[in-house]
Amino acid sequence: MGNLRSVSKALEHVAPEARVLVTSDPDAVKQAQRVVFPGQGAMPDCMREMKARGLHQAVVEAAHSKPFLGICIGMQMLFEHSEEGNVAGLGLFPGRVLRFPHEAMVNSAGEKLKVPHMGWNEVYQAQPHPLWAGIADGARFYFVHSYYCEPAAPDCIAGTTNYPFAFTSAVARDNIFAVQFHPEKSATAGLTLLSK
């Protein structure tokens, strides 16, 4: 849902020799060599659409068996549960998705911060990963979200961002890498990540 065209265009730009297919066909997902799982909008809607199109099992199998990149809600859906709509996720990562708490959304100068968190922000690499290669620690990426992931297993945290507290902005485990930000809208750093 949402940003499929911009993600596919960014992938075509960084990998012109690859065949990039935007699909809701479970068989196409099963046959893909790599899967990019983007999402934008509300998590309950994304989960409902994925199930209605018969993609649930294909996505879970892809996340267990091939290079898999989740983007934005595509990261949030990997977790067990979301406060947004009180909906279950795919359960591939233990943890939950929480709304930025109204009372905490104040910067160090006492100014109120807006939700959704929208715009450019730094991502600090919490662990080495091949997808971070060529990207400086603290590089800026583009965010648009009102919810953030809270992993139950800290060893999966691959990146953090401050708004105003540190939240998980990237996770990694085995063949899965997922990010809260939008690499397809993040200029050079985002294209570098997608080129891997």
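A residue that is closer than 22 Å to D174 by Cβ, outside any helix (DSSP H, G or I) and of a type in the set (S, T, N, Q) cannot be found anywhere in the range 95-107. Across the range 120-132, the qualifying residues are those that are open to solvent by less than 50 Å² (accessible area, probe 1.4 Å) and aliphatic (A, V, I, L, M), and the one among them that is farthest from L193 (Cα to Cα) is V123.
Within the range 39-60, the set of residues being open to solvent by less than 30 Å² (accessible area, probe 1.4 Å) and assigned to a helix (DSSP H, G or I) comprises M43, C46, M47, M50, A58, V59, V60. All of V144, V171 fail the test of being surrounded by fewer than 17 Cβ atoms within 10 Å (Cβ to Cβ), touching a strand residue (DSSP E or B) at 6+ places or on another chain (Cβ under 8 Å) and in a strand (DSSP E or B), apart from V144. Within the range 69-84, residues that are closer than 15 Å to V29 by Cβ and aliphatic (A, V, I, L, M) reach partners that are open to solvent by 10 Å² or more (accessible area, probe 1.4 Å) and in a strand (DSSP E or B) with beta carbons closer than 7 Å, at six or more positions or on different chains, in the pairs L69/V36; L69/F37.
Which of the residues belonging to the range 90-119 are without any contact (Cβ under 8 Å) to a residue 24 or more places away in the chain and either over 15 Å from the mean Cα position of the chain (by Cα) or open to solvent by 50 Å² or more (accessible area, probe 1.4 Å) (or both)? Passing the criteria: P101, H102, E103, A109, G110, E111, K112, K114.
Of the residues making up the range 1-38, those that are open to solvent by 80 Å² or more (accessible area, probe 1.4 Å), in a helix (DSSP H, G or I) and polar (S, T, N, Q) number 1.
The values are calculated or read from the model by the stated rules, or taken from the named source; none is laboratory data. Being a predicted model, the structure only gives us computed values, none of them experimental. All Cβ positions, even for glycine, are placed from backbone atoms using ideal geometry, and neighbour counts span all protein chains on display. Quick note on the areas: whole protein, heavy atoms, side chains included, nothing else; ligands and nucleic acids left out. Shrake-Rupley method; radii C 1.70, N 1.55, O 1.52, S 1.80 Å.
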